[in-house]
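Since the structure comes first, as structure tokens, the remarks are kept for the end.
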Amino acid sequence: MFPAPDSSQPLIVLGLSGAVSHDPSAALYVDGKLVAAAEEERFLRDKHAKNRMPYEAAKFCLAHAGINPADVTAVAIPFAPISLASAARWHYARRYAYAPDRSLDAILTGNRRYWRYKKRIEWCLIQLGFDIKKTEIVPVEHHLAHAASAYLCSGFKEKTAILGIDGKGEYATTFFGWGENGQIHKIKEFFDPDSLGGLYGALTEYLGFDMLDGEFKVMGMAPYGDPDRYDFSRLAKFENGKLVINTDYVNVIGFRRYKEKGRGYYFSPRLVEWLGPKREGDEVDEPYIHYAASIQALFEKLSLEMMDYYLGDIIRETGRIAFAGGCALNVKLNQKIIARPEVKELYVQPAASDAGTAVGAAAYVSQQGGAAVEKMEHVYLGPEYANEDVIAALARFEREHDMTIDWEKIEAGEVPQKIAQMLADGHPVAWFQGRMEFGPRALGGRSILGCPSVTGVADRINAQIKFRERWRPFCPSMLDSVGSRMFKIDHPAPFMTFTFEVNDEWKTRVPEVVHHDGTSRAQVLKREFNPRYYDLMLELEKLTGNGVVLNTSLNRRGEPMICSPADALNMFFGSDLRYLIMQDVLVKKEIQAVS
């Protein structure tokens, strides 16, 4: 690993993801401190920004930190060449022998994707003003980047079990290891097509949702079904330390794929013969709710079996787990993990999916370069806009749409009280404050808020504002004084990466944020990380007795989370929202009654 060119100069590492054709992002570390991170989709307004490079995200990170390209010590990328001597490429070739073109490609040109990605990164860097001849690009294996994003950002000082589960990176799909003294040690990896993330993604497609996005919907649908109604064990098994996915049904390529309307899916016609037609529409209907419950149950069972087999001794020794990869966002699995008596704390990387590999790769290179990485305690790492920016955006919107917008500027200290009163009166409010969140969860930077004790507010937000499936649940943000009283397990939850079983009293106090199965996916907030959001909940507690707010991302169905004031205004005037607070500026509109 490189040394800093001059020990008197800061170690600056820019991480750039996008290696696997989706969720490109950028993250910037300066002497081990994460100063900025953002996802490209937010700037392009294209969810997941497929087949794009993180140009705008990187441009923001550098500008925010006031860093010129020439000042960057290294660029870290979460994708690396894999040796032909490794087991990965041979495993892929053997398991995909039914598709000889793919099989031979893994052996003969198995790093083609890496070289193609590196060229695209170089192009991106040139556009940003980097001198490629003087820029050190450091490749980090994809799952090592995931592992680093979890372990190095966890703040754990003790020996820590590290778990990574996702679709796939170069070839690996699953990572087991441990961390100590800032170093990561690999125990075992599984390789494509033996992927629990791929299995879950294939069933996500079968259930009528898009892979990479609809997995959350499957997880939300599962509590409505009976996991024992159908036996899904034929799809995958874990025995004698090996995970084997049944590629007669799922994780298929080439001619084995089920095709419909010119599109190929990651499941086979044989799956359709067994389970019936692929699901269509937005309703939670039978038998598909039971299929969702069954795949969730199988996913949990196999994940826990694998974790016990490879990491059980370490977990019993230390009680600490760091978890990343797209499957780390499966909050139901995480609930099962933290319920185990031997687990003291589970840290889930808040941007656990591939967007977070920009953080992981940069953190890994920073750590190896001698700059110890700080604990990642919040995700407010994106752009921020002042009142003047908001007012300028309002003026532009008025000119472009030939309209007059009703807005007022509120005294800064009065914002939490005024918005809390609107919420208590039953009004959803769009909340645009401070720096944008990094990762998939709205955590009080770009949120739609509601009062969780107001009957019907969740249905209203789903139908009239988010325009999404009516059965989708909503999550609570809460004061740090509430979590231990509302939930049956007391565990840190700053990032909405866990569900908790809700105590009976609170099920009736805040019913709009309790899911069908009696759980909630929660954010438990400390004031130091978002004072204004915390104070809003304090004011709501004075009005309702509950220091809890319904919180969902500020976007409509199929769109990325809002980034700028212009984005917020477009969404506001394209929905039935009546109130939007951007910094200290309150935007209002009257909803015309339907005759």
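Kindly evaluate LYS242 against the criterion of being surrounded by fewer than 23 Cβ atoms within 10 Å (Cβ to Cβ) and at pLDDT below 95. Answer is no for this residue. In the stretch 189-204, the residues that are without any contact (Cβ under 8 Å) to a residue 24 or more places away in the chain and farther than 17 Å from TYR310 by Cβ form Cβ pairs under 9 Å with partners that are surrounded by fewer than 24 Cβ atoms within 10 Å (Cβ to Cβ) and of a type in the set (Lys, Arg), at six or more places apart or across chains, as follows: THR204/LYS217. Only one of the listed residues (ASP308, ASP285) is modelled with pLDDT under 95 and either in a helix (DSSP H, G or I) or closer than 30 Å to PHE500 by Cα (or both). That residue is ASP285. Take LYS50 and decide whether it is over 24 Å from GLU377 (Cβ atoms), of a type in the set (Lys, Arg) and without any contact (Cβ under 8 Å) to a residue 60 or more places away in the chain. Yes; evaluated as a whole, the condition is true for this residue.
Among the residues of the stretch 39-77, those identified as of a type in the set (D, E, K, R), under 19 Å from ALA361 (Cα atoms) and open to solvent by 20 Å² or more (accessible area, probe 1.4 Å) are ARG52, GLU56, LYS59, ASP71.
Within the stretch 39-58, the residues that satisfy the criterion of being in a loop (DSSP other than H, G, I, E, B) and either in contact with a Leu (Cβ under 7 Å, 6 or more places away or on another chain) or under 21 Å from VAL13 (Cα atoms) (or both) are ARG52, MET53, PRO54.
Per this entry, GLY177 is counted among residues that are small (Gly, Ala, Ser) and under 27 Å from ALA371 (Cα atoms).
Scanning the stretch 450-477 for residues that are surrounded by 21 or more Cβ atoms within 10 Å (Cβ to Cβ) and over 20 Å from the mean Cα position of the chain (by Cα) returns GLY450, CYS451, PRO452, SER453, VAL457, ALA458, ILE461, ILE465. Just wondering, is there one or more residues in the stretch 146-154 that are touching a residue at least 40 places away in the same chain (Cβ under 8 Å) and open to solvent by 40 Å² or more (accessible area, probe 1.4 Å)? Within the stretch 146-154, not a single residue is touching a residue at least 40 places away in the same chain (Cβ under 8 Å) and open to solvent by 40 Å² or more (accessible area, probe 1.4 Å). Note on the stretch 378-417: residues that are open to solvent by 80 Å² or more (accessible area, probe 1.4 Å) and either under 20 Å from TYR533 (Cβ atoms) or among the small types (Gly, Ala, Ser) (or both) total 5.
The residues listed here are GLU180, GLU215; of these, the one that is out of contact with any strand residue (DSSP E or B) (no Cβ under 8 Å at 6 or more places or on another chain), surrounded by 15 or more Cβ atoms within 10 Å (Cβ to Cβ) and either free of Cβ contacts under 8 Å to residues at least 24 places away in the same chain or of a type in the set (Asp, Glu) (or both) is GLU215. Number of residues in the stretch 78-92 that are open to solvent by 20 Å² or more (accessible area, probe 1.4 Å) and among the basic types (Lys, Arg): the value is 0. Figure legend. Inter-residue proximity from the stretch 84-108: first residues closer than 19 Å to TYR249 by Cα and in contact (Cβ under 8 Å) with a residue 12 or more places away in the chain, second residues open to solvent by less than 50 Å² (accessible area, probe 1.4 Å) and part of a helix (DSSP H, G or I), beta-carbon distance below 6 Å, spacing 6+ or different chains. Indicated pairs: TYR92/ALA106; ALA93/SER103; ALA93/ALA106; ALA93/ILE107; TYR96/SER103; ALA99/GLY254. The residues of the stretch 418-449 that are of a type in the set (Asp, Glu) and open to solvent by 10 Å² or more (accessible area, probe 1.4 Å) amount to a single one, ASP425.
Taking the stretch 377-416 as the range and being of a type in the set (Val, Ile, Thr) and in contact (Cβ under 8 Å) with a residue 40 or more places away in the chain as the test, the residues that pass are VAL379, VAL390, ILE391, ILE405, ILE410, VAL415. Scanning the stretch 93-104 for residues that are open to solvent by 20 Å² or more (accessible area, probe 1.4 Å) and of a type in the set (Phe, Trp, Tyr) turns up just one, TYR98. Taking the listed residues LEU538, LEU543, LEU554, the one that is in contact with a strand residue (DSSP E or B) (Cβ under 8 Å, 6 or more places away or on another chain), open to solvent by 40 Å² or more (accessible area, probe 1.4 Å) and farther than 16 Å from ALA493 by Cα is LEU538, with no other qualifying. Here is the figure for the stretch 259-273: residues that are crowded, with 21+ Cβ neighbours inside 10 Å and without any contact (Cβ under 8 Å) to a residue 40 or more places away in the chain total 1. Taking the stretch 210-226 as the region of interest, how many residues are touching an Asp or Glu at 6+ places or on another chain (Cβ under 9 Å), part of a loop (DSSP other than H, G, I, E, B) and at negative phi? Looking only at that region, the number is 3. Within the stretch 450-478, if we keep just the residues that are assigned to a helix (DSSP H, G or I) and farther than 15 Å from TRP431 by Cα, the residue that is modelled with the highest pLDDT turns out to be VAL457.
If you go through the stretch 331-374 and keep only what is farther than 26 Å from VAL13 by Cα, in contact with a helix residue (DSSP H, G or I) (Cβ under 6 Å, 6 or more places away or on another chain) and open to solvent by less than 10 Å² (accessible area, probe 1.4 Å), you end up with LEU333, LEU346.
The residue that is most open to solvent (accessible area, probe 1.4 Å), among those in the stretch 22-33 that are in contact with an Asp or Glu (Cβ under 7 Å, 6 or more places away or on another chain) and not charged (D, E, K, R), is HIS22.
The values are calculated or read from the model by the stated rules, or taken from the named source; none is laboratory data. Here the structure is a predicted model, which is why all the values come from computation and not from measurement. Positions of Cβ are backbone-derived with ideal geometry, glycine not excepted, and every protein chain shown enters the neighbour counts. For accessibility, only protein heavy atoms count, side chains too; no ligands or nucleic acids. Shrake-Rupley method; radii C 1.70, N 1.55, O 1.52, S 1.80 Å.
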